[in-house]
Structure formats: structure tokens, C-alpha cells
Ligand SMILES: NC(=O)c1ccc[n+]([C@@H]2O[C@H](COP(=O)([O-])OP(=O)(O)OC[C@H]3O[C@@H](n4cnc5c(N)ncnc54)[C@H](OP(=O)(O)O)[C@@H]3O)[C@@H](O)[C@H]2O)c1
């Protein structure tokens with residue numbers, strides 16, 4: 001039997017190194033569920049890994065062709081554990097494989113999708129939603145504090161704005177002029193990073209959630225008050241930002257998002273209750289995954305990009 005269409009990284013390089021492949025439907029172990037994937041999230045880490053960069057590339061360099069996709073939402077194929085065939089599930093799949101029609105997921109990696117939440121919204125949440133939540137928790141953001149979120153219009157940023165608001169913080173978020181209204185509607189004071197330097201627009205911030213890293217992340221340290229806290233999320237420049245922060249007397253830490261079905265359940269419940277808006281910029285069929293990678297690596301996506309699996 002050979003009808004599991006996947007999109008694989010065949011070599012490190014440009015987006016066109018992604019190629020479709022047909023493989024066997026995988027066999028789950030006793031503590032795994034076979035999931036018929038409906039949608040997969042596309043994340044910057046997928047494009048960085050494909051380009052041969054970062055921890056992702058280091059991990060898979062001897063396993064090419066490798067199927068990316070850490071976000072998946074779909075349907076359980078066979079009853080196992082607490083799941084029945086047909087149950088709608090989503091999760092952060094640490095092994096990757098979301099860019100394919102079928103994957104085996106560990107039973108404890110999945111969450112049930114509430115009836116009123118679409119597969120698209122559920123597939124948008126694992127990496128972006130969990131990163132937003134875990135970054136704010138790691139920063140120990142408290143009610144009444146101010147937080148600056150860099151890249152507020154992106155996959156992680158647009159969720160982080162909304163979660164920080166519900167934590168009772170005053171939220172500032174940087175974006176381009178095209179996204180000022182979008183970011184304001186999510187509840188942030190939107191700062192146009194091209195209009196003037198961010199530290200000319202806001203200072204004495206308690207918490208910086210740096211979703212940019214690099215030059216933009218380092219420059220934004222000037223907005224943070226002495227004794228403030230910084231979470232720098234892009235792993236590739238984390239050491240640089242942590243060192244620059246230390247030189248200014250500011251505490252900074254990096255992070256790596258962890259699967260957490262309890263947190264994922266909470267995010268799904270917020271979407272179901274209409275308390276969390278998930279923005280989907282574009283959904284591509286799996287066959288157009290090369291374009292999805294061109295989009296995500298542009299760094300200009302508003303919200304999330306998804307891949308839809310052929311059914
Ligand atoms: N460590 C981890 O576990 C972890 C987990 C998730 C993500 N990440 C990393 O975190 C970063 C953010 O992820 P993401 O999924 O949110 O990325 P994304 O969706 O690709 O972010 C795109 C957004 O970045 C904004 N942007 C571009 N240049 C900007 C600038 N100079 N200042 C402010 N905003 C700017 C764009 O807004 P405009 O068009 O308005 O400029 C766009 O909306 C990525 O580097 C990703 O790899 C790390």
C-alpha cells in the first residue's frame with residue numbers, strides 16, 4: 001500500500017528542494033495514534049531547517065529526505081487509548097511529519113479539537129500558540145506590567161498580544177505600517193518600527209518578548225528598563241541577545257517551545273470561547289508547499305500559513 005503523500009526536504013537549500021514523495025502509511029506503536037492529517041502549520045523553523053540552519057538542520061542532517069511539520073490537525077484513524085476513530089485532534093509533533101497525509105503521534109502529544117474550532121485554527125496553534133504562552137510564562141509577566149512584543153503581526157506575535165492582554169499587561173507591539181490596524185485591533189499599542197527607532201517610541205518596558213532576534217532584537221533592548229526581563233525566542237541569535245542584554249544589566253533568556261497538551265487544550269478552549277483570534281494569512285495545498293516556504297521565509301506573514309493535505 002503506497003498512498004501517503006508527503007512533502008519532504010530532499011537536500012538543504014532553496015524552497016525547491018522540497019519534493020513530493022509517496023510512502024507507506026506508517027504503523028503506530030502501542031502508545032501512538034495514526035492521524036489522517038487535514039492541515040499542517042508552516043513555521044519559520046521549517047524554512048530555516050530546509051535551508052540547513054539551526055538546531056533543526058543539525059538534528060536531521062543524516063535523515064534526508066525528511067518530512068517537516070511540527071503542527072498538525074486531523075482525524076484519528078483507528079481507536080486507541082482514549083481516542084476513537086474519527087476523533088478530531090491536534091498537537092505539536094516533535095518528530096515533524098505534519099507535511100504529509102498520515103503521521104503517527106504519541107498519545108500524550110495530542111489534544112481534542114472542540115467541535116466549534118476548525119482544523120485550520122487548530123493546526124495554527126501548537127508551535128505559535130504554545131510559544132506565545134510559554135514565552136509570557138517564562139517572563140513571569142504580571143498584571144499591571146508593560147510588555148513589548150517584537151513582530152506583533154506574525155504567527156507567534158499576534159497570539160502573544162492577546163494572551164498578554166488577558167494577563168492584565170499593557171501591551172506594545174512592533175509591526176510595519178501595513179499591520180498597525182491589525183495589531184491595534186488585537187489590543188496592543190502598535191509601534192511602526194520604520195517610523196522611528198523603537199526606543200524613541202517607548203522606554204522603561206518591564207518585559208520584552210523578542211520574536212525578531214538579530215539587529216532588531218538587540219536594538220529593542222534599549223526599550224527595557226533596568227531590572228527588566230527579556231525572552232529572546234529565535235534560537236539562532238539567542239546567545240548574541242543574551243550577551244548584549246547582560247552588558248546592559250538586563251536579564252535575558254532564550255527558550256525552545258515544548259509540547260504541552262494541557263496548555264494546548266487551554267488555547268483551543270479560548271478559540272472555542274471566542275477569546276482568542278487566530279489569523280490565517282494563506283492556506284496552500286500540500287503540492288504548493290514550495291510557495292508556502294517562499295512566503296514564510298519572507299518574514300512578512302500576517303498570522304499563520306497552512307498546508308492542506310489532499311484527502
Ligand atoms: N525558540 C522557539 O521555540 C521558537 C518557537 C516559535 C518561533 N520561533 C522563532 O520566533 C520567530 C517568530 O516566529 P513567527 O512564527 O511569529 O514568525 P513569522 O510569523 O514569520 O513573523 C512574521 C512577522 O514578522 C514581522 N516583522 C518582520 N520584520 C520585522 C521587524 N523588523 N520588526 C517587527 N516585526 C517584523 C512581520 O510584520 P510586518 O510585515 O508588519 O513587518 C510579520 O508579521 C522566528 O524567528 C521563529 O523561528 C522560535
Just the residues that are in contact with a strand residue (DSSP E or B) (Cβ under 8 Å, 6 or more places away or on another chain) and within 12 Å of the ligand (Cβ to nearest atom), please, taken from segment 43-72. 43, 49, 70, 71
Using the structure shown, decide if residue 293 is in a helix (DSSP H, G or I), free of Cβ contacts under 8 Å to residues at least 24 places away in the same chain and over 25 Å from residue 111 (Cβ atoms). no
Of these, 218, 181, which one is assigned to a helix (DSSP H, G or I) and without any contact (Cβ under 8 Å) to a residue 12 or more places away in the chain? 181
Which of (1) surrounded by 15 or more Cβ atoms within 10 Å (Cβ to Cβ); (2) within 26 Å of residue 111 (Cβ to Cβ); (3) modelled with pLDDT of 95 or more is the odd one out, the single condition residue 84 does not satisfy? (1)
Given (1) modelled with pLDDT under 95; (2) within 23 Å of residue 94 (Cβ to Cβ), index of the condition residue 304 fails: (1)
Taking segment 40-59 as the search range and keeping residues that are surrounded by fewer than 20 Cβ atoms within 10 Å (Cβ to Cβ) and free of Cβ contacts under 8 Å to residues at least 60 places away in the same chain, which one is nearest to residue 15 (Cα to Cα)? 52
For residue 106: the one exception among (1) surrounded by fewer than 18 Cβ atoms within 10 Å (Cβ to Cβ); (2) not assigned by TED's automatic domain parsing to the domain that holds residue 295: (2)
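Conditions tested, residue by residue: (1) under 26 Å from residue 49 (Cα atoms); (2) near the ligand (Cβ under 9 Å from one of its atoms).
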residue: 172; (1), (2): no, no
residue: 178; (1), (2): no, yes
residue: 227; (1), (2): no, no
residue: 232; (1), (2): yes, yes
residue: 264; (1), (2): yes, no
Hits in segment 138-163 (condition: more than 13 Å from the ligand (Cβ to nearest atom) and more than 19 Å from residue 304 (Cα to Cα)): 139, 140, 141, 142, 143, 144, 145, 146, 147
Can you find a residue that is touching a helix residue (DSSP H, G or I) at 6+ places or on another chain (Cβ under 8 Å) and at positive phi anywhere in segment 138-148? no
Looking at segment 267-305, which of its residues are more than 12 Å from the ligand (Cβ to nearest atom) and under 14 Å from the mean Cα position of the chain (by Cα)? 267, 278
Give the residue, chosen from 276, 267, 256, 221, that is loosely packed, with under 14 Cβ neighbours inside 10 Å and touching a helix residue (DSSP H, G or I) at 6+ places or on another chain (Cβ under 7 Å). 256
So, of the residues in segment 117-150 that are part of a loop (DSSP other than H, G, I, E, B) and assigned by TED's automatic domain parsing to the domain that holds residue 213, which turns out to be farthest from the chain's Cα centre (by Cα)? 144
In segment 234-252, the residues that are more than 10 Å from the ligand (Cβ to nearest atom) and assigned to a loop (DSSP other than H, G, I, E, B): 248, 249, 250
Residue 137: at pLDDT 95 or above and surrounded by fewer than 16 Cβ atoms within 10 Å (Cβ to Cβ), yes or no? yes
Would you tally the residues in segment 184-200 being in a loop (DSSP other than H, G, I, E, B), in contact with a helix residue (DSSP H, G or I) (Cβ under 8 Å, 6 or more places away or on another chain) and more than 19 Å from residue 160 (Cα to Cα)? 3
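The values are calculated or read from the model by the stated rules, or taken from the named source; none is laboratory data. Model, not experiment: these values are computed from the prediction. Neighbour counts are summed over all protein chains in view; Cβ atoms, including those assigned to glycine, are modelled from backbone coordinates with ideal geometry.
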